[in-house]
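The values are calculated or read from the model by the stated rules, or taken from the named source; none is laboratory data. Bear in mind that the values here come from a model prediction, so they are computed numbers and not experimental data. As a convention, Cβ positions derive from the backbone with ideal geometry for all residues, glycine included, and neighbour counts pool all protein chains shown.
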Amino acid sequence: MVSSREVDSFAFLQSLPKVELHRHLIGSIRIETLFDIATKNSISLPTDDLHGLKNLIEIRKPVPIFRQFLAPLNILGLCFHDKKTTARVTYEAVEDAAKDNVKYLELGISPAFEASFHHLSLEEVFEGVIEGLRRAEERYDIKVNLLAGPTFKWREKIHSPPQVLETSLRYKEKVVGFGLPAETKEGVPFLRWHEELKREYAMLAKRAKESGLPLTVHAGEIGSAQSVMDAIKHLKADRIGHGIRSVRNPRVLKCLIEKRIPLEICISSNVKSGVVKSLNEHPIRQLWYHGVVITINTDDPTLCGITLTKEYRILLSDLKFSYAELKKLIFNALASGFLVEKEKEHLNKSFQRRFAKLEGLLNISLRFKQ
Ligand SMILES: [Zn+2]
């Protein structure tokens, strides 16, 4: 039996094989790389000092309004200068995940947003991203797939949401799912006065699913529990990004549990974005007690200054999860991935072996200590 004190060591948590289902590429870009790409390509930044840039991008304490949490993405996005720089930031994002022992990653991209900074085509974004992640896969023991989706600026003139979907379908060797935001700059689609938006969402979701792309929807983060229900009912979401506000509505909880729809929970992101008031008030424990399928993710490692290992540490030390519970959460993530069944089985077996080995080593070192 492994006790919580022994596994609390950062080194042990880092050595655990991990799966992550909710990490945005744009929120994973290294700030040093942004600085370098900007210098080499004469891109003007809000400040020409690296230290100042870090102050602008890293969110060190919770922001007063949610919009402020997303603001640094408008600076990080300047990295998408061309195919080459896109490949570079993707390679590095995957490298960082691999060094944290993430073995399977579903990386989120919003190609229309990424393309908007330097007027790239959707193809240039996809090809740059795929080139970068393939290079990282060759070098590291990690498998990466993509979740593509439209931007929050739903009605952006260039690269409309249907175009993003149709282009995603052409890169299905790496795109395994489609991601939708429950809210856009134009509003919340399921409110009565947004019938048109609702129709657009529903059509897009239907087309994605019929084309073989399962759906994950950001809902119940800043929106109400009802937004989670809307995502399930109207869009047939297979997973929910965040979904933490489900805890406020027993009907939504019941639906999540009955349908076994996983939540992609991002603890530090929720605290820093001000979605929850403090770590202690994060509803992850309640969701877990109710029996909701939950998974642990980083959302935006650069913005939040975190790694997945750091999130595991928070889970054990601040939120009082046990090692056995953490292990279950890792296997939940594995089971909830949009991988084909055969790959999932393969990954599952290799995780079982790795865990057995790590736990065995831990028991040996504990015996020597006594
Ligand atoms: Zn997200």
Which residue is surrounded by the most Cβ atoms within 10 Å (Cβ to Cβ), if the candidates are limited to region 334-363 and must be touching an Asp or Glu at 6+ places or on another chain (Cβ under 7 Å) and modelled with pLDDT of 95 or more? GLY337
Considering only region 199-240, state which residues are of a type in the set (Lys, Arg) and either surrounded by fewer than 18 Cβ atoms within 10 Å (Cβ to Cβ) or at positive phi (or both). ARG199, LYS206, ARG207, LYS209, LYS233, LYS236
How many residues does region 164-221 hold that are under 28 Å from SER273 (Cβ atoms), in contact with a helix residue (DSSP H, G or I) (Cβ under 8 Å, 6 or more places away or on another chain) and polar (S, T, N, Q)? 2
Look at GLY132 and say whether it is surrounded by 18 or more Cβ atoms within 10 Å (Cβ to Cβ), touching a Phe, Trp or Tyr at 6+ places or on another chain (Cβ under 8 Å) and of a type in the set (Gly, Ala, Ser). yes
On the basis of being farther than 21 Å from GLY149 by Cβ and out of contact with any strand residue (DSSP E or B) (no Cβ under 9 Å at 6 or more places or on another chain), does LEU53 make the cut? yes
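Okay, residues lined up against (1) touching a residue at least 24 places away in the same chain (Cβ under 8 Å); (2) surrounded by 18 or more Cβ atoms within 10 Å (Cβ to Cβ); (3) at positive phi; (4) within 17 Å of the chain's Cα centre (by Cα):
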| residue | (1), (2), (3), (4) |
| --- | --- |
| LEU21 | yes, yes, no, yes |
| PHE35 | no, yes, no, no |
| ASN41 | yes, no, no, no |
| SER44 | no, no, no, no |
| ASP48 | no, no, no, no |
| GLY52 | no, no, no, no |
| ALA71 | no, no, no, no |
Residue ID - farthest from the ligand (Cβ to nearest atom), chosen from residues in region 290-309 that are in contact (Cβ under 8 Å) with a residue 60 or more places away in the chain and assigned to a helix (DSSP H, G or I): THR309
Within region 56-66, can one find any residue that is away from the ligand (no atom under 16 Å from the Cβ) and in a helix (DSSP H, G or I)? yes
Suppose we keep only residues that are in contact with a Ser or Thr (Cβ under 6 Å, 6 or more places away or on another chain) and more than 18 Å from THR298 (Cα to Cα) within region 91-124. Which one would you say is modelled with the highest pLDDT? LEU122
I'm told TYR312 meets every condition in (1) closer than 29 Å to GLU359 by Cα; (2) within 14 Å of the ligand (Cβ to nearest atom); (3) part of a helix (DSSP H, G or I) except one. Can you identify the failing condition by its number? (2)
What about LEU105, is it surrounded by 19 or more Cβ atoms within 10 Å (Cβ to Cβ), over 16 Å from the mean Cα position of the chain (by Cα) and not basic (Lys, Arg)? no
Every residue from region 231-289 that is under 22 Å from ARG60 (Cα atoms) and outside any helix (DSSP H, G or I): HIS242, ILE265, CYS266, SER273, GLY274, VAL275, VAL276, LYS277, SER278, HIS282, PRO283
If SER42 meets every condition in (1) out of contact with any helix residue (DSSP H, G or I) (no Cβ under 7 Å at 6 or more places or on another chain); (2) within 30 Å of SER317 (Cβ to Cβ); (3) in a loop (DSSP other than H, G, I, E, B) apart from one, which number is that one? (2)
Residue, surrounded by the fewest Cβ atoms within 10 Å (Cβ to Cβ), within region 241-283, restricted to residues that are on the phi > 0 side of the Ramachandran plot and within 12 Å of the ligand (Cβ to nearest atom): HIS242
One residue is enough: does region 1-20 have a residue meeting the conditions at pLDDT 95 or above, within 16 Å of the ligand (Cβ to nearest atom), over 30 Å from LYS327 (Cβ atoms) and not hydroxyl-bearing (Ser, Thr, Tyr)? no
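Here is a yes/no grid of residues against (1) modelled with pLDDT of 95 or more; (2) over 18 Å from MET203 (Cα atoms):
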{"residue": "GLU221", "(1), (2)": "no, yes"}
{"residue": "GLN226", "(1), (2)": "no, yes"}
{"residue": "MET229", "(1), (2)": "no, no"}
{"residue": "ALA237", "(1), (2)": "yes, no"}
{"residue": "ILE244", "(1), (2)": "yes, yes"}
{"residue": "LYS254", "(1), (2)": "yes, yes"}
{"residue": "GLU258", "(1), (2)": "yes, yes"}
{"residue": "GLU264", "(1), (2)": "yes, yes"}
Tally the residues that are of a type outside the set (D, E, K, R) and in a loop (DSSP other than H, G, I, E, B), restricting the search to region 94-149. 10
For LYS209, only one of the following conditions fails: (1) within 16 Å of the ligand (Cβ to nearest atom); (2) modelled with pLDDT of 95 or more; (3) part of a helix (DSSP H, G or I). What is its number? (1)
